[in-house]
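Quick notes on the structure that follows.
The values are calculated or read from the model by the stated rules, or taken from the named source; none is laboratory data. All of these numbers come straight from a predicted model, not from anything done at the bench. Positions of Cβ are generated from backbone atoms using ideal geometry, with glycine treated the same way; all protein chains shown enter the neighbour counts. Quick note on the areas: whole protein, heavy atoms, side chains included, nothing else; ligands and nucleic acids left out. Shrake-Rupley method; radii C 1.70, N 1.55, O 1.52, S 1.80 Å.
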Amino acid sequence: MSMRKAIISCAPPLAAHYAFGLLVALALIGAVAHAALPTGRDGQPTLAPLLEKVTPAVVNISVLQRSPEDQNPLLRDPFFRRFFGLPERSSPQISAGSGVIVDAANGYVVTNHHVIKDASEVVVTTKDKRRFPARFVGSDAGTDVALLQIEAKELIEVPLGDSDALAVGDFVLAIGNPFGIGQTATSGIVSALGRSGLNVEGFEDFIQTDAAINPGNSGGALINLSGELVGVNTAIIGPGGGNVGIGFAVPVNMVRAVMRQLVRYGEVRRGRLGISMQDLTPELARSLNVPAKSGAVLNEVQADSPASAAGLRVGDVVVSLNGRALRGASDLRAQLGVIPAGETIEMQVYRGSERLTLRARIGEIEARHTVGGETLPELPGATLANVAIGRGRERAVLVTGVKAGTAAFRHGLRPGDRILGVNRTRIGTVAELAVALRGGDRLALNVVRGESLLTITVR
């Protein structure tokens, strides 16, 4: 599970006092609260009926990961190991996370990419203790979303809500399998929306909550009081992995968009608009004479790009995408990151004080390279080539091909990706990449895909 510093991939429980505090607060609200929540036998508001309805849709994910020796055919040879006095092969690692049944008829289970990455086998265990081998449908490192499928009858799904309708202060419940101890529910509120800059993967638009999220909750459900899925829990910030009331979930609207592509293609096929951008600040709004408080300011529009063809210009401020108001540049980047090539988008744009409606057709990410390239044993499954970027002054490593099912594919690399660095250290050639991949216990590739910068962990 890949996070950095104090950012922990899914994450010590304050559940009891949060739950008690939540019920006391709701009780004090009076008639409104009693109308919103069912009551127990003693007449007090309770979350038990809601949990009874949704918890059967939250499952445990067990992952059998390949041992390091599986990557090397010599190390798999018992004679080779005995001849050189090597120890017996290590057992595959078993890890646990959570998942949510989102389509009972088709057996679809959504979880996090980092939960099932590098898995050789995945087993889904339902609340009633039934175990099912899972088929890998697809995953996306950029949003940390993965989709599995199981063949089972009498499954219960959780309905998908609308994460765009969430407001700070809304009550939510986090349900998962923390520390592998069994299904657990915690409660809290939505603390913030549109969180980004956590350097988790690439397309960040997180829901922040103070509901206790613990190790093993990755891929679990964030539920509203209507019993709808509003997010998939993915990370916490806390010293040593402890919960301090700052947890993050991928919004369900982003999950829904990713799922559609995973079902159709087995991967997310991102397109290209051809812009670079920054947040609209009060100072920029005044200097650009823009009557908007939030949005994305375009500081580059690439020539011969879909953005240029749509009429976008440097200095334009995009305030809405497909009818959804934007909080800033990271919000626009995240929304564009789940729109496939060929789809038409509608943007509300300020050009000075004038408000325009512009439409653009998302283009293909151009691979501007010849087929073929070098391979590296440290990155099996990918072919690589040296390439110039920008106006040719800078160099990078272009991923010219990725074979499905290989380690490089499971890590999230895709053809057309440009690798700029390893652990934030700049590299410019395949030879430099090879050297960088030989050092350190934790390795993360700094990758440009379209107009987005991703961090892809490979070890």
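Checking Gln302 against (1) under 19 Å from Glu346 (Cβ atoms); (2) surrounded by fewer than 19 Cβ atoms within 10 Å (Cβ to Cβ), only one condition comes out false. Which one?
(1)
Restricting to strands (runs of 3 or more DSSP E) lying wholly in the stretch 38-129: which have 3 or more residues that are modelled with pLDDT of 90 or more, touching a strand residue (DSSP E or B) at 6+ places or on another chain (Cβ under 7 Å) and closer than 21 Å to Ile181 by Cβ? Break it down into steps so the answer makes sense when it comes.
Numbers: elements: 58-65, 93-103, 108-111, 119-125.
Correct list: 58-65, 93-103, 119-125.
Consider Asn233 against the criteria (1) polar (S, T, N, Q); (2) modelled with pLDDT of 90 or more; (3) open to solvent by 10 Å² or more (accessible area, probe 1.4 Å): it satisfies all of them except one. Which criterion is unmet?
Failing condition for Asn233: (3).
Pairs please, first residue from the stretch 400-428 and of a type in the set (Ser, Thr, Tyr), second anywhere and assigned to a loop (DSSP other than H, G, I, E, B), Cβ atoms under 6 Å, 6+ apart in sequence or on different chains.
If the second residue must be assigned to a loop (DSSP other than H, G, I, E, B), the pairs left are Thr400/His369; Thr400/Gly373; Thr406/Pro380; Thr406/Gly381.
Considering only residues that are touching a Pro at 6+ places or on another chain (Cβ under 6 Å) and open to solvent by 70 Å² or more (accessible area, probe 1.4 Å), which ones fall in the stretch 144-178?
Within the stretch 144-178, the first condition is being touching a Pro at 6+ places or on another chain (Cβ under 6 Å), and the residues that meet it are 156, 163.
If the condition is that a residue be touching a Pro at 6+ places or on another chain (Cβ under 6 Å) and open to solvent by 70 Å² or more (accessible area, probe 1.4 Å), then Ile156 is the only one that fits.
Pairs needed: first member in the stretch 333-362, among the β-branched types (Val, Ile, Thr) and assigned to a loop (DSSP other than H, G, I, E, B); second member anywhere, open to solvent by 70 Å² or more (accessible area, probe 1.4 Å) and at pLDDT below 95; C-beta distance under 9 Å; at least 6 residues apart or different chains.
That search, which allows pairs on different chains as well, returns Val338/Arg260; Ile339/Asn322; Ile362/Glu343; Ile362/Thr344.
Looking only at residues that are in contact with a helix residue (DSSP H, G or I) (Cβ under 9 Å, 6 or more places away or on another chain) and open to solvent by 10 Å² or more (accessible area, probe 1.4 Å) in the stretch 439-451, which one is modelled with the highest pLDDT? Outline the logic, then answer.
Keep residues of the stretch 439-451 that are in contact with a helix residue (DSSP H, G or I) (Cβ under 9 Å, 6 or more places away or on another chain), which gives 443, 445, 450-451.
Filter again for open to solvent by 10 Å² or more (accessible area, probe 1.4 Å), leaving 450-451.
Working: Gly450: 68, Glu451: 62.
Within the stretch 439-451, the match that is modelled with the highest pLDDT is Gly450.
Take Ala141 and tell me if it is of a type in the set (A, V, I, L, M) and surrounded by fewer than 18 Cβ atoms within 10 Å (Cβ to Cβ).
Values: of a type in the set (A, V, I, L, M): yes; surrounded by fewer than 18 Cβ atoms within 10 Å (Cβ to Cβ): no.
Considered against the rule, which asks whether it is of a type in the set (A, V, I, L, M) and surrounded by fewer than 18 Cβ atoms within 10 Å (Cβ to Cβ), Ala141 comes out as no.
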